[in-house]
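> This structure is in structure tokens; I'll ask about it shortly.
The values are calculated or read from the model by the stated rules, or taken from the named source; none is laboratory data. Note that the structure is predicted; figures quoted are calculated from it, not measured. A quick note on method: Cβ atoms are made from the backbone with ideal geometry, for glycine too, and the neighbour counts reach across all protein chains shown. Areas reflect the complete protein model, heavy atoms only, side chains present, ligands, DNA and RNA absent. Shrake-Rupley method; radii C 1.70, N 1.55, O 1.52, S 1.80 Å.
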Amino acid sequence: MTFDCFRGKKIAVIGIGVSNKPLVRLLENAEADITLYDKNTPPTEFAHLPAHSGENYLDNLSADIIFRSPGVKPFEPQIVKAVENGAVLTSEIELFIENSPCEIFGVTGSDGKTTTTTILGKMLTAMGRTTHVGGNIGTPLLDKLDDIKPEDAAVLELSSFQLMTMKKSPRTAVITNVSPNHLDWHRSMKEYISAKTNVFKYSSERIILNYENNICRELECDNPVFFGRNEACQILIRDGGIYVGEQKVLDTNDILLPGEHNIENFAAAIAACLPAPEAAKTVANTFGGVEHRLELVTELDGVKYYNDSIASSPTRTLAGLRVFDKKVILIAGGRPKVGFEPLAEAAEKHIKTALLVGEASGSIRAALEGKTKLIDCGDIVSAVKTAYEIAKSGDIVLLSPACTSFDQFRNFEDRGNLFKKCVNSLPGKKDGTVLFGLDSVRGFSVTYDNDIQGDNHVG
């Protein structure tokens, strides 16, 4: 696909992370006049293009069109001024939605959107459609436009950061739930909710909402399709099944993923694409989850170690805790986004010991003091060592931080990978207090600057 409309246009691309690299190449092919803006030095592959970097990289921003990375706040003063002077503010994901020839399914939510996006993509594939999955899930689809056919389907995970300036919505929009999240980035809860509603606000024909979630239930929109356990829901979870009207589409016992929240994720996907029972069962029986999302790393000496590094909010951690029928040894902490009240309310019931790491250690300690045993560990390497030393056969060790990773890591994947590397370096048998192998991975824990142009946008 050619984009002649950009030829000769003065274009600013802010943030040269994963999502914007294909965009820059597309703009080059269109012979646009491109300037790159990034707090860090742009990749060497774009060294031939004019660029601004450093602390004041947005100073003197001027363009006809501005493409921003999802992590870049659209209310930065320099961006606001450029828009006031006539610049059009958009993004790579908006350009894809505007130009995709196929039906688009958009999925957002505070929790569960990656899992729901993946389930929905697999269901559409099981229904016989060629399906392209991308967006906030980490795969840009813009450079795949030439391969997408009108009869295909595209499933996009969409974060609040991506949605905030969106002016076109997918044909089918799904909101898994909305709870306080990313309030360290958004200026208010009202702004955060407003960003989420952009997923359906402009052109959606089918709007899927979670009846179990108070905020979703009260959103203003035309003819919503609700999923949940209330009899008013068109997609009803009841009697061990997920029903569309009177038809039982899926037996919940067929769902391989644990937890009530994953039943809701399947219900959301079913509501979006209305699969035949055979397609739904195929996905339920074979999909074991997404990496870093309640991922079973190993069982060692009767202790199970789970990686839920994606859990960057207390409500997400709480959902993970509720999956297990016993108290867990929880590793939590990082850079906080919101308060830890939801975790405090559940601590006595769900947490055997909390191992605290990162910037939020003090805040979590203050919230959980007196409700469960607390141990300050500093970093994940030390937390894994402590967990190994205190865990007994039958225990569960869960990394579910309730915080972002930006204090010590580039993204939640790096955090989860370090946890897995530490766990997999533990010896097969406990031998005193010596942990063979952990010293060799301590250097893996690298502290990164919080690059707001990065692609860890999970809102």
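> Over region 267-390, with every protein chain in place, what whole percent of the accessible area is carbon and sulfur at 1.4 Å, could you tell me?
46
> Hey, any idea what Rg/Rh is for region 26-130, computing Rh the Kirkwood way over Cα pairs?
1.06
> Cα gyration tensor of the chain, axes a ≥ b ≥ c as square roots of the eigenvalues: rounded (a/c below 1.5), prolate (a/b > b/c) or oblate?
Note, shape of the chain comes out oblate.
> Restrict the search to region 225-330; then list the GluC sites (Glu not before Pro) that DSSP places in a loop and that have at most 10 other Cβ atoms within 10 Å of their Cβ.
Sites meeting the loop and neighbour criteria: GLU231, GLU246.
> If each of ARG217 and LYS190 carries a label point 7 Å out from its Cα toward its Cβ, how far apart are those two points in nm?
With each label point 7 Å from Cα toward Cβ, the separation is 2.4 nm.
> On to the next question. For LYS9, give me every one of the aspartates and glutamates with a C-alpha distance below 19 angstrom, ignoring sequence neighbours fewer than eight places off in its own chain.
By straight Cα distance, LYS9 reaches GLU28, GLU31, ASP33, ASP64, GLU84, GLU92, GLU94, GLU98.
> Still on this structure, please answer the following. Quick check: with the 1.4 Å probe, what order do ASP379, ASP184 take by accessible area, largest first? Could you put the intermediate results ahead of the total?
Values: ASP379 35, ASP184 80 Å².
Descending accessible area places them as ASP184, ASP379.
> If you don't mind, another one. Carbon and sulfur: what percent of region 41-153's accessible surface (1.4 Å probe)?
46
> Counting other Cβ atoms within 10 Å, which GluC sites (Glu not before Pro) in region 13-119 have at most 12 and lie in a DSSP loop?
Passing sites in region 13-119 are GLU55.
> Can you give the accessible area of ILE390, probe radius 1.4 Å, in Å² rounded to 10?
50
> How much accessible area does ASP33 have with a 1.4 Å probe, in Å² rounded to the nearest 10?
That residue has around 80 Å² of solvent-accessible surface.
> Something else now. Does a label point 7 Å from the Cα of LYS167, set along Cα-to-beta-carbon, have any residues of region 64-102 with amide nitrogen under 15 Å, and which are they?
Hits in region 64-102 for LYS167 at 15 Å: 64-68, 80, 82-99.
> Kindly report the accessible area of the chain per residue (heavy atoms of protein chains, probe 1.4 Å, no ligands, DNA or RNA), in Å².
41
> Moving to a separate point now. Give me the percent of DSSP beta bridges within the chain that run antiparallel, rounded to the nearest 5.
Of the beta bridges lying entirely in the chain, close to 20 percent run antiparallel.
> Separate question: Skipping prolines and chain starts, which residues have an amide H placed within reach, meaning under 5 Å, of the one on ASP395, given they are 5 or more residues away or on another chain?
Answer set, sorted by chain and number: LYS304.
> Would you calculate a helix-derived [θ] at 222 nm for the chain, using -39,500 (n - 2.57) for each DSSP H run of n ≥ 4 and dividing by the full residue count, to the nearest 500? Write down the numbers at each step before the final one.
Working: 15 runs with 138 residues, N = 459.
Helices in the chain give a 222 nm mean residue ellipticity of -8500 deg cm²/dmol.
> Right, here's the next one. Each residue of region 254-262 in order: what ³J(HN,Hα) in whole Hz does its phi give by Karplus 6.51 cos²θ - 1.76 cosθ + 1.60, θ = phi - 60°, with x for Gly and Pro?
Calculated HN-Hα couplings, in order: 7, 7, 5, 6, x, x, 4, 5, 6 Hz.
> May I ask you to evaluate 6.51 cos²θ - 1.76 cosθ + 1.60, the Karplus curve with θ = phi - 60°, for each residue of region 347-364 and list the ³J(HN,Hα) values in order in whole Hz, giving x for glycine and proline?
Along region 347-364, the couplings run 4, 4, 7, 10, 10, 7, 8, 10, 9, 9, 9, x, 4, 7, 3, x, 5, 5 Hz.
> In region 334-433, which trypsin sites (Lys or Arg not before Pro) are in a loop and have at most 11 other Cβ atoms within 10 Å, using DSSP for the loop call?
LYS392, LYS429
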